[in-house]
Structures are given as structure tokens and as C-alpha cells.
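Notes for the one structure printed next.
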């Protein structure tokens, strides 16, 4: 995807299988058109803060929703969440943690940092597709972000 075009969904996920399942689920409900996938926390922060390879991107064009895995290489999901929610421009961007971690500390820390929702990835394929499809429908089509 051209980094100068606005992104509706930023998917931050390092597991190729989870990326593929998420894309299939979002395509199923027709909300995968303006989606960008990044594979680690450092690239996610570069995109969100318009730096590095994304420096030509308009930082004001924020995603409608960020789907964030917690267990990421380079920069972990909690640190991404911390940086995004402490930034005046980015803090209103909805972030949904979509992770396999059921650890209570991860859940508590995510909410303390300002996550909008915390979803544990279902192991069952159909349940995973259904959960992601509902996420996409809600955050991209139904939710009214601030202007």
C-alpha cells in the first residue's frame, strides 16, 4: 500500500498465519481495502508518527483503528500502546489489542495505558474470523471518531 494514502486499519502483527486469517476475515466483511500490515512495533511507531520510511506520510491522517498484537519483535505492543496513547494527536485513535495473551497483567496494563478493547485470539478458525469481522465492522463502519 502507498504510505501516502490514508489507512483505515493498521494491523500490527508478526505472525504470518494470524495476518492471513485477519485479512481473510476483514475481506469477508469488505473492510480490508485501506489496510496496512506492519510486522513489528518499531515499524508501527514509524508509521504512526510519520518517521523513517513513512516520513512523507501526513501524520494527521490517523487510522480509524489499530489492531495490536502484544508479543512483537523490536518494540513490544505495550510500549507501542504507551507511546500512542501519550501523544496528543494519536491518543484518540482506537486501539484494539488482539493477542493470544490471557495474562492478567497484560490485560490490566493495557487498560491502564488506554486500550479501547482487549481481545484474546480464539484458537478456533471460525471464531477468530467472526471476531475480527465484527471488529472491522464496528471500528471502520459504525464507530464515529472525533473530527
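The numbers here are math on the coordinates, done by the rules we state, and not lab data. It should be emphasised that the depicted structure is a prediction, and the values quoted were computed from it without experimental measurement.
The antiparallel fraction among DSSP beta bridges confined to the range 1-141 stands at about 0%. Over the residues of the chain, the helix contribution to mean residue ellipticity at 222 nm works out to -10500 deg cm²/dmol, using -39500 (n - 2.57) for each DSSP H run of at least 4. As a ratio to 2.2 N^0.38 Å, the alpha-carbon radius of gyration for the range 30-121 is 1.04.
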